[in-house]
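Single-structure report; data block below.
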Amino acid sequence: MSTPPPLPGAERPDGSSVQIGALVPLTRPGWVEAGRHLLAGLELAVREVNDAGGIVGRPLELVVRDTAADPQRAAAAVDELARLGVAALAGEYHSVVARAAAGRADALGLPFLCSSAVLDALTEQPAEWVARLAPAQSHGWRIYADFLLRAGHRRIAVAADSSVYWASGARILRDYLAPRGGAVIELDMRALAPAAVCDELVDNRATALLLLVGYPEPAVSIVKSVRRDKRLAEIMMGAPAGQPEFAGWATLLGGDGAAIPFLRYLPERLSPLGARVETALRERLAEAPSFVAFEGYDTVAVLADVLRSHGAGRARTAGAWARVAVEGTRGQIRLSRTPGISVWQWAWPPVQVVDRDPADPDRFRILHAG
């Protein structure tokens, strides 16, 4: 691993705090609910690390920067945090934003453990300084495609916004479904109003519609339009990116937001550690924690373990990715080099396809597991 020249403050031998930079979407157009859950998990884990004695007697401190779903803002935050002397970076939810941060962190020689972003190509070239806890998009979305096939869907429409992330998702679905008798019909949401989507679904004889679009809009308007259209009473809507995971979805859509399967990265049953963390997160958030909150907690758990074992030097942290063995809230976390993935990767966290129960939209049903 080539090591860039150390930046000022990269190591702090004076007994002051060990700092971790946290990249989190906390304002629009970022997914604020996801950012709030991610930050809650990061903060809870930091508090518990410090309650247990910190990093060899030194307190762990989060230095939080709001990315607002802006790649340029995220890259600038990486530069700033590197100058401030953080030992490592954590967090980020949006894949396109995380990609910008990861590329900059790798160039600067700043370890970055990405919590939630799933885009396979998180960096353009293989990166030694970057690792990830969330499953790669190709892994999770193939599990989702398998769920669609098992449910009998062969003509699947995708209402897609324009972005690298949505285009990647549509390609993964098409490549997996086509050899197995499935067809993906792409509906360009730059050209279609939500109401016009209904006519396209009827004309194309689609049995499923996947929402590869932003939240709350246009996702909420599309769901309402489809639910109102009597011609589409039998169509299944899905949201592999996880829009229905958060409480705001149920608040905006009520019963219309139920029975829309999405991907969630939790085990069927939480371990004792996971159950304890769930209780603490619920108290902190005043609502049920999403899988994103668990991702945040696990990120700090891994970084704290590495910092305790190998010290706060940046090169030592990145050099320790291969030796990570940490009991997280969702299983044993180990990082490895995975074919087709450009960063160090946990292969794999648990993956579920779940939806909100029509009889009780606050309750989740597990439909499929990978």
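Can you report the number of residues in segment 314-361 which are under 21 Å from G41 (Cα atoms), in a strand (DSSP E or B) and touching a residue at least 12 places away in the same chain (Cβ under 8 Å)?
Looking only at that region, the number is 9.
Hey, which of the helices (runs of 4 or more DSSP H) in segment 107-204, taking only ones fully inside, have at least 2 residues that are closer than 26 Å to A75 by Cβ, without any contact (Cβ under 8 Å) to a residue 24 or more places away in the chain and not acidic (D, E)?
In segment 107-204, the matching helices (runs of 4 or more DSSP H) lie at 164-177.
Test of understanding: among A75, A102, A68, A82, which residue is over 19 Å from the mean Cα position of the chain (by Cα) and farther than 30 Å from I366 by Cβ?
Step by step, each of A75, A102, A68, A82 is checked, and only A82 is over 19 Å from the mean Cα position of the chain (by Cα) and farther than 30 Å from I366 by Cβ.
Just to be sure, is G21 part of a loop (DSSP other than H, G, I, E, B), over 16 Å from the mean Cα position of the chain (by Cα) and either at pLDDT 95 or above or surrounded by fewer than 20 Cβ atoms within 10 Å (Cβ to Cβ) (or both)?
The answer is no for G21.
Of the numbered conditions (1) surrounded by 20 or more Cβ atoms within 10 Å (Cβ to Cβ); (2) in a helix (DSSP H, G or I); (3) not acidic (D, E), R83 fails exactly one; give the number of that condition.
Failed condition: (1).
Kindly provide the set of residues from segment 96-115 that are among the small types (G, A, S) and open to solvent by 10 Å² or more (accessible area, probe 1.4 Å), ordered by number.
If the condition is that a residue be among the small types (G, A, S) and open to solvent by 10 Å² or more (accessible area, probe 1.4 Å), then A100, G103, A107 are the ones that fit.
Of the residues S168, S162, which single one is under 17 Å from L119 (Cα atoms) and surrounded by fewer than 16 Cβ atoms within 10 Å (Cβ to Cβ)?
S162
Inspect segment 341-361 for any residue being modelled with pLDDT of 95 or more, hydroxyl-bearing (S, T, Y), over 16 Å from E245 (Cβ atoms) and open to solvent by 20 Å² or more (accessible area, probe 1.4 Å) and give the result as yes or no.
no
Let me confirm something: among A241, A301, A280, which residue is assigned to a loop (DSSP other than H, G, I, E, B) and under 29 Å from R132 (Cβ atoms)?
Among A241, A301, A280, only A241 is assigned to a loop (DSSP other than H, G, I, E, B) and under 29 Å from R132 (Cβ atoms).
Which of the residues belonging to segment 29-47 are open to solvent by 40 Å² or more (accessible area, probe 1.4 Å), over 17 Å from A247 (Cα atoms) and in contact (Cβ under 8 Å) with a residue 12 or more places away in the chain?
Across segment 29-47, the qualifying residues are P29, E43.
Hey, among A320, A312, A280, A275, which residue is modelled with pLDDT under 95, under 27 Å from G54 (Cβ atoms) and either open to solvent by 10 Å² or more (accessible area, probe 1.4 Å) or in contact with a helix residue (DSSP H, G or I) (Cβ under 7 Å, 6 or more places away or on another chain) (or both)?
A312
The values are calculated or read from the model by the stated rules, or taken from the named source; none is laboratory data. Owing to the predicted nature of the structure, the values given are computational and were not obtained by experimental measurement. Note: ideal-geometry Cβ built from the backbone for every residue, glycine included; neighbour counts use all protein chains shown. These accessible areas exclude ligands, DNA and RNA; they are computed on the full protein's heavy atoms, side chains included. Shrake-Rupley method; radii C 1.70, N 1.55, O 1.52, S 1.80 Å.
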